[in-house]
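Report on one structure; see the data block that follows.
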Amino acid sequence: MGAAPDHANLRIEIAAAAARLIAEEGIGYGRAKRRAAQLLLGAHSNSRSVLPDNAQVESELRRHLQTFAGDTHPALLAALRRLAAQWLARLAQFNPHVVGSVLNGTATEHSDLHLHLFTDNVKDVEMYLLNERIVFDVGEGAGANEVDGCAMPPEEVVSFVVRPTPGSGLPARVGVVLAIHRTDAIRVAPRFRSSDASLHAVAASGRANAAQLEQLLASDSR
């Protein structure tokens, strides 16, 4: 019985260390948790039973960003959300939604912009990008669940890099990841919804379309 509080405290320490790694190095949640556990417990320790869940890491990441990037993070986040709005408009024919850290407010300078598209013809997305002269990579959808909270695997994942104009408040390069789903997959609720009561309802929702993102941007500007 006495070990439970120690495990709880250790999970918080691992979550905080993982949050720092995510903020500073841009690595994913799973890898950050494993590295944080190794740093705190040793490389050969069995840490599975004390690894925090993603919600704990997200909470610590918010705390880290507020503490160490409170003066700069809001402007970066707003710029990333404006970039997301631009891509939602450009991809409107595919029912796009923004997901992940740009939506929930934990994005950093290392973060990719994650979008979900809903269409019954994956190749239409590729054709659109080709016509726009966008160089992209295509991957399988099976690994997208951990990355951006897909409740079900997408048909395909397309990724590319954009180079924002100087003065936009964005990094010189921003990755864009498109998880392409069948049209009826929109009926399935996103997995990664936040329970943080301080968040705007759209930011906590796990997935937002263009109109919802505009509501969030309007809230950011107040």
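Of note:
- Charge sum, other residues only, whose C-beta stays under 13 Å from A210's C-beta, Lys/Arg counted +1 and Asp/Glu -1: +3
- Sites excluded, GluC sites (Glu not before Pro) in DSSP loops with at most 14 other C-beta within 10 Å, longest stretch of the chain: 1-131
- Overall form of segment 31-127 per C-alpha gyration tensor (a/c, 1.5; a/b vs b/c): oblate
- Nearest-ten-degree value, helix 73-90 long axis tilted from longest Cα axis of the chain: 30
- Folded to 0 to 90 degrees: helix 210-220 orientation relative to the chain principal axis, Cα: 50
- Whether segment 163-206 is rounded, prolate or oblate, judged on the alpha carbon gyration tensor where a/c under 1.5 counts as rounded: oblate
- Against the chain, whose longest principal axis is taken from its Cα atoms, helix 3-25 shows a tilt of about 40°.
- DSSP-defined beta bridges in the chain - what % are antiparallel, rounded to 5: 70
- Database remark: amide H of L113 closer than 5 angstrom to the amide H of G175, V176, V177 (H placed geometrically; neighbours at sequence offset of 5 or more, or on other chains; Pro and chain starts carry no H).
- Label-reachable residues, segment 70-91, where backbone N falls under 20 Å from a point 7 Å from N131's Cα toward its Cβ: 86-91
- Anisotropy class of segment 66-222 from Cα gyration tensor, a/c 1.5 cut: oblate
Laboratory data are not the source of any read-out in this text; all were calculated from the coordinates shown. The shown structure was predicted, so the numbers you read here are calculated from the model rather than taken from an experiment. Because the Cβ atoms are built from the backbone with ideal geometry, glycine has one as well, and the counts that use them run over all protein chains shown.
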